[in-house]
Protein chains: 2
Amino acid sequence: MNALDLDRQLCFALYSASRAMTASYKDLLAELGITYPQYLVMLVLWEEGSNDEGVTVKRLGERLQLDSGTLSPLLSRLESLSFVTRHRSAEDSRRVLVRATAEGAAAKERAECVPARIGERTNLDPASMPELLETLRALTRNLRAEPAPVESPDPPAAPLNSHRASALTARH
Amino acid sequence: MNALDLDRQLCFALYSASRAMTASYKDLLAELGITYPQYLVMLVLWEEGSNDEGVTVKRLGERLQLDSGTLSPLLSRLESLSFVTRHRSAEDSRRVLVRATAEGAAAKERAECVPARIGERTNLDPASMPELLETLRALTRNLRAEPAPVESPDPPAAPLNSHRASALTARH
DNA sequence: CACAATTGAATTGTGTGCAATCATTTTCGT
DNA sequence: ACGAAAATGATTGCACACAATTCAATTGTG
């Protein structure tokens, strides 16, 4: 009946779930000595930095949707932990190249088991994961896409909604 | 193939969606002059504080899963915005009762349209909302419930997983 | 009743997020 | 080649989150 009912709002369910997820990572990542956002940065470095060219701060920001105001101090802490190094690019000295150190690369092995541990804790049906993932991604896309300034007559540029089209136990 | 693939991880999808949601609220709540977490506090006050007894900080923490370290300064800001008042309880002076002011109560009217505006921006199938909500709630419950200390032989105390049991277009 | 344990908030310290601004460097139009 | 515009990070300031500590008030127990 009440549109402002806290427990009926998707925003709060998302907010709660996200914080619960971050909290659940805490003890697992404590063994590595890093925080959850720091872990996300390492994921990108492990994924993209294998060619030892390093990853720019801009690229990290694109992957994680974080700006330099968040990444600069975070990378500074990762650097003081000896997980990464930062150097200005030789070709374009505006860029800063971030690389995992040997210690940072070694942490990847110890992190391999983390997603599975979290997966157990979520206790969700693994078959429903792809659908949940796609729903969340569609949600994120839609929210980022449409500021709908003030009064535009026709914003629906993204009519997609994943749930309708996909089967309940959809696989990829 | 890679368990550490950023884009395959539920945690990152949640983290992104939650931040996108909060960002999407920003311009709507700017008209009220408050932030998203402040809005959440006002939701609880509008919902539970109608009997003008006020709501304790503890109760706010239970509803929002936030501790006094977050709520105390947040409430202080809401107080300086004249949205709420804070008074020690007469019966138990450890408790602090938070009440919406007339201005805070008036803001409820202006906030009524906010959930609908967000709903448009999500562009999700309204019929799939109950299932998504329930999945997120189950996820939150499971993550909060099972710390699984270190090596316990039998932690599965919460075998529930909503998706299996519910139909695709489940309603409540 | 004395007094230890508990409870409820506030405070402190660290680490994000994000807007706004700044400095440096590169690019591009002329 | 030159100057404006754009690109790239860093810095600053504010507001969460959350762990740990502190402090006052209450409750439980002998």
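The values are calculated or read from the model by the stated rules, or taken from the named source; none is laboratory data. Keep in mind that what you see is a predicted model, and the values were worked out from it rather than measured. All Cβ positions, even for glycine, are placed from backbone atoms using ideal geometry, and neighbour counts span all protein chains on display. Surface areas here come from the heavy atoms of the whole protein model, side chains and all, with no ligands, DNA or RNA. Shrake-Rupley method; radii C 1.70, N 1.55, O 1.52, S 1.80 Å.
Across the range A:98-148, the qualifying residues are those that are of a type in the set (Ser, Thr, Tyr) and at the interface with chain B (Cβ under 7 Å from one of its Cβ atoms), and the one among them that is nearest to A:GLY33 (Cα to Cα) is A:THR122. Restricting attention to the range B:43-66 and to residues that are of a type in the set (D, E, K, R) and facing chain A (nearest Cβ under 9 Å), the residue that is nearest to DNA strand C (Cβ to nearest atom) turns out to be B:ARG63. Counting the residues of the range A:21-39 that are under 17 Å from B:ALA20 (Cα atoms) and open to solvent by less than 10 Å² (accessible area, probe 1.4 Å) gives 1. Filtering A:LEU40, A:LEU78, A:LEU71 for residues that are more than 12 Å from chain B (Cβ to nearest Cβ), near DNA strand C (Cβ under 8 Å from one of its atoms) and in a helix (DSSP H, G or I) leaves a single hit, A:LEU78.
Among the residues of the range A:76-89, none qualifies, meaning not one is at positive phi, outside the structural domain of A:ARG137 (by TED's automatic domain parsing) and within 12 Å of DNA strand D (Cβ to nearest atom). Sub-7 Å Cβ pairs linking a first residue in the range A:61-76 that is among the hydroxyl-bearing types (Ser, Thr, Tyr) to a second residue that is within 9 Å of DNA strand D (Cβ to nearest atom), at least 6 apart or interchain, are A:SER68/A:VAL57; A:SER68/A:GLY61, ordered by first then second residue.
For A:MET129, the conditions (1) modelled with pLDDT of 50 or more; (2) surrounded by fewer than 16 Cβ atoms within 10 Å (Cβ to Cβ) all hold with the exception of (2).
I'd like to check something: does the range B:73-87 contain any residue that is open to solvent by less than 30 Å² (accessible area, probe 1.4 Å) and within 16 Å of the chain's Cα centre (by Cα)? Yes - at least one qualifying residue is present in the range B:73-87.
Is it the case, given these coordinates, that A:VAL98 is touching a Leu at 6+ places or on another chain (Cβ under 8 Å), open to solvent by less than 10 Å² (accessible area, probe 1.4 Å) and outside the structural domain of A:ARG137 (by TED's automatic domain parsing)?
So A:VAL98 passes the test.
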